[in-house]
1. Go through the range 5-17 and give me each residue that's modelled with pLDDT under 95 and surrounded by 14 or more Cβ atoms within 10 Å (Cβ to Cβ).
2. Within the range 5-35, how many residues turn out to be within 26 Å of K84 (Cα to Cα) and charged (D, E, K, R)?
3. Return the pair list, or none, for Cβ contacts closer than 8 Å from residues in the range 40-61 that are part of a loop (DSSP other than H, G, I, E, B) to residues that are surrounded by 13 or more Cβ atoms within 10 Å (Cβ to Cβ) and β-branched (V, I, T), at least 6 apart or on different chains.
Amino acid sequence: MAELFRVLKPAGNMLLQTPFREGEIFEDPAITIADERMRYFGQKDHVRIYSVEGISERLKLAGFSVNVLHFNEQLLNRKGFSEKEIVIICKK
């Protein structure tokens, strides 16, 4: 996250989406097998799964200002999405 902050131009914005879970961030560097990563993180190439609160806090610690947008079902249905979406806007 520090590298994202470093490379973003001054006053730049970053839109961030990732799978989220309720509760705490879950990460375990000992999980290295693709099938186990799928089981714990939902994708074979992921190494952690964030909570909205957890990733927001890490982004703030890296220096970003953070705004979390929750898109409701009515908006999503008009745009062709079937699930709720969360987009985090980070500003340097």
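The values are calculated or read from the model by the stated rules, or taken from the named source; none is laboratory data. Only a predicted model underlies this, so the values are computations on that prediction, with no experimental measurement involved. For neighbour counting, all protein chains shown are included, and Cβ atoms are generated from backbone atoms with ideal geometry for every residue, glycine included.
1. The answer is L16, and nothing else.
2. So the count comes out to 4.
3. G42/I49; V47/I31; S51/I25
Residues checked against (1) surrounded by 13 or more Cβ atoms within 10 Å (Cβ to Cβ); (2) modelled with pLDDT of 90 or more; (3) out of contact with any Lys or Arg (no Cβ under 7 Å at 6 or more places or on another chain):
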site: E22; (1), (2), (3): no, no, yes
site: I31; (1), (2), (3): yes, yes, no
site: K44; (1), (2), (3): no, yes, no
site: E53; (1), (2), (3): yes, yes, yes
site: R58; (1), (2), (3): yes, yes, yes
site: L61; (1), (2), (3): no, yes, yes
site: N67; (1), (2), (3): no, yes, yes
site: K84; (1), (2), (3): no, no, yes
site: I88; (1), (2), (3): yes, yes, yes
